[in-house]
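Enquirer: If you scroll down you'll find the structure; I have some questions about it.
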Amino acid sequence: MFANGYIGRMSFRPTAARETWICRQKLLRKTRSFFEERGVLEVETPVLSRAGGTDPHLDYFETVSPKRYLMTSPEFHMKRLLSAGFGDIFQITKAFRKEESGARHNPEFSILEWYRLGYSMETLMDEVEQLCSQILGSPVRAKRTRWEDAFKTYGKMDPFEKKTESWISACKQMNIPVPQNAGEFEQEDWWDYWMVMVIEPELGKTVPEFIWYYPPSQAALAQITEDTKGNRWACRFELYIHNVELCNGYQELLSAEEQAARFQEDTQLRKKMGKPEPETDSLFLEALRAGMPACSGVALGLDRLFMLALSKERIEDVLFFPDDIA
């Protein structure tokens, strides 16, 4: 019995079979070859940093003395390399996110992240399809659904509906539980709830599917664009295959001033949510001020992609020692 009351597997044995691991290593070599053939440079950046990201939806692991953050993504360090003139780069590394373990989650996981100079969001989405085709062994041609249309098509809701009563009524119509604190929900709370409960179970169910053009409040580190009606959208995309969320990509924000403002907004929201407030990465902001080249970048959960390639149901099937026996 562990201190938190959780009963572990109580076995020293790995959860991935030797045969599975051999197949995983072959896929890893294929991944590296994909980028080497395209002249993309492999890099290696720290997993420990003096500063961390401010995303309110991500929780971080911290060391005690000296205080350091285990990186949730190599993004900031890789962008410093871009600003230093390293050109197209990719990295395969460990990332760490403080969240519950599950069929598709482990607090420590393998991430593939890459950046392409001069690429638009659409061009990078094409390259994501090409990589997935190579790893999965069959052509991946994903349909592209705007975030707003996903709510209307799968969720039967206008995401910009402001009335709480309308959302509660829709819960009953969709036969999903009404959140206990629904009266305290703001619009973005409904977005998160609807995405998890209604929309994500439909994404990529029969064919691969990109969700793209998110609202500006969910831009994170993406550029903002305007459509022909004057509506503002974030140049961000995610790919789902068989309901598995695989990646998160942006046409990258280049303005240090805008990024600093977003960091401040995120920090204020984290404070409101009672979450730790990590040190802002001043060196990353300095890199943006120095001039990061126009580019698009994407982070992809490599363990999840390998799960799909090897027809595994749980992430532990492609890992040796998941969190509960690490």
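Bear in mind that the values in this text are calculations on the coordinates, not laboratory data. Quantities reported herein were computed from a predicted structural model and do not represent experimental measurements. Neighbour counts run over all protein chains shown; Cβ positions are idealised from the backbone, glycine included.
Enquirer: Helix by helix through the chain, keep the DSSP H runs that span 18 Å or more along the axis on Cα and average at least -0.5 on Kyte-Doolittle, and give those back in order.
Expert: 121-136
Enquirer: Taking the alpha-carbon centroid of each part, what is the distance from region 102-164 to region 24-51 in angstrom?
Expert: If you average the Cα positions of each part, the centres end up 20 Å apart.
Enquirer: Please give every one of the aspartates and glutamates within straight-line cross-link reach of K79, meaning a C-alpha to C-alpha distance under 13 Å, and leave out same-chain neighbours fewer than 8 residues apart.
Expert: E44, D88, E113, E252, D281, E286
Enquirer: What distance in nm separates the two pseudo spin-label positions at E19 and T164, each 7 Å out from Cα along the beta-carbon direction?
Expert: Each label point lies 7 Å from its Cα, and together they span 5.5 nm.
Enquirer: Another question, then. Cut-off under 17 Å on the C-alpha distance; same-chain residues fewer than 8 positions from K312 excluded. Which aspartates and glutamates are left, in chain and number order?
Expert: E19, E245, D303
Enquirer: Mind telling me which of Q218, Q25, Q173 comes out most flexible in a GNM of the chain, alpha-carbon contacts under 10 Å?
Expert: Per the Cα network of the chain with a 10 Å cutoff, Q173 tops the list.
Enquirer: Among 148-155, 40-47, 222-229, how do they line up by average Cβ neighbours within 10 Å per residue, starting with the highest?
Expert: Put in order of decreasing packing, that is 148-155, 40-47, 222-229.
Enquirer: Given axes a ≥ b ≥ c from the Cα gyration tensor, I'd like to know whether the chain is rounded (a/c under 1.5), prolate (a/b larger than b/c) or oblate.
Expert: rounded
Enquirer: Let me ask something else. Skipping prolines and chain starts, which residues have an amide H placed within reach, meaning under 5 Å, of the one on F61, given they are 5 or more residues away or on another chain?
Expert: L70, K98
Enquirer: Compute the relative contact order of region 104-227 as a whole-number percentage, counting only Cα pairs closer than 8 Å that sit 6 or more residues apart in sequence.
Expert: 30
Enquirer: Compute the FRET efficiency between R146 and L254 as 1/(1 + (r/R0)^6), taking r as their Cβ-Cβ distance and R0 = 25 Å, and round to the nearest 0.05.
Expert: So, using R0 = 25 Å, E works out to roughly 0.60.
Enquirer: Residue separation times 0.36 nm, minus the C-alpha to C-alpha distance between L117 and F12: what's the value?
Expert: So the chain would gain 33.3 nm between L117 and F12.
Enquirer: While we're looking at this one, here's another question. Please go through region 7-62 and write out the chymotrypsin sites (Phe, Trp or Tyr not before Pro) that DSSP classes as loop and that have at most 11 other C-beta atoms within 10 Å.
Expert: Sparse-neighbourhood loop chymotrypsin sites (Phe, Trp or Tyr not before Pro): F12.
Enquirer: Please work out how much length the chain gains when fully extended from Q264 to R32, using 0.36 nm per residue of separation minus the C-alpha to C-alpha distance, in nm with one decimal.
Expert: 79.9 nm
Enquirer: While we're on this one: If contacts are Cα pairs under 8 angstrom and at least 6 residues apart, what is the relative contact order of the chain in percent?
Expert: 26
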